[in-house]
Amino acid sequence: MLNITARLHRAFGSIAASFEAEMVRGAPVVTGNLANTITAEARCHGHSATIVITMADYGVFIDQGTGIFGKHKRPIVPRTAKALLTPYGPRKSIKGMEARPWIDKSLNQVIRSGEIEDEIARAFDIGNTI
């Protein structure tokens, strides 16, 4: 018989795997690097657990947008140089990139699917007793 901590760790390990799979499936793809860097792991401490998700640094910028479309709502300008070097030549500023939200969408997909409740019920044998 597994103790509570072991059951919690097992359940959250499965939930983390579900989050990771859905985020990989939902990640925008140009080169595939973003999807290849996504990992999720369960970290359990006593009777509590946390799911830690990591990915390439730029994943959050794709999700939330940059420049005038991002958090600060202002164009991207060079800090020290006279111009930004872009694939289209040097520019004094660029607008940035519109957000392509995928992180919350992926996480909500797992939440709505009922997998979290199912894993916890399975780990603690809830529903198998009368």
Return the distance in nm (one decimal) between the two label points of a simple spin-label model at residue 121 and residue 64, each offset 7 Å from Cα along Cα→Cβ. 3.6 nm
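Need the full-extension length gain, residue 95 to residue 37, defined as separation in residues times 0.36 nm minus the C-alpha distance. One decimal, nm. All intermediate terms of the calculation are to be shown ahead of the outcome.
On the way: separation 58, 0.36 × 58 = 20.88 nm, distance 2.71 nm.
Between residue 95 and residue 37, full extension yields 18.2 nm more.
Mind giving me the FRET efficiency for residue 105 and residue 52? R0 is 30 Å, r the Cβ-Cβ distance, nearest 0.05 is fine. Could the numbers behind the result be given before it?
On the way: r = 20 Å, r/R0 = 0.65.
That gives a FRET efficiency of 0.95.
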Return the sequence-ordered ³J(HN,Hα) values of the stretch 82-91 in whole Hz as given by the Karplus equation 6.51 cos²θ - 1.76 cosθ + 1.60 applied to θ = phi - 60°, using x for Gly and Pro. 7, 8, 8, 8, 10, x, 9, x, x, 9
As I understand it, the dipole of the chain uses +1 on the Cβ of Lys and Arg and -1 on the Cβ of Asp and Glu, about the Cα centre. Which of 5, 58, 123 lies farthest toward its positive end? 58
Quick one: if the Förster radius is 41 Å, what FRET efficiency do residue 3 and residue 29 give, using the C-beta to C-beta distance and rounding to 0.05? 0.50
If one puts a single equal scatterer on every Cα of the stretch 1-56 and applies the Debye formula without solvent, what log₁₀ I(q)/I(0) results at q = 0.30 Å⁻¹? -1.10
If you place +1 on the Cβ of every Lys and Arg and -1 on the Cβ of every Asp and Glu, how big does the dipole about the Cα centre of the chain come out, in debye to the nearest 20? 1040 debye
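Values in this text are rule-based calculations from the coordinates and carry no lab data. All values derive from a computational prediction rather than experimental measurement. Please note: Cβ atoms are built from the backbone with ideal geometry, for glycine as well, and neighbour counts cover all protein chains shown.
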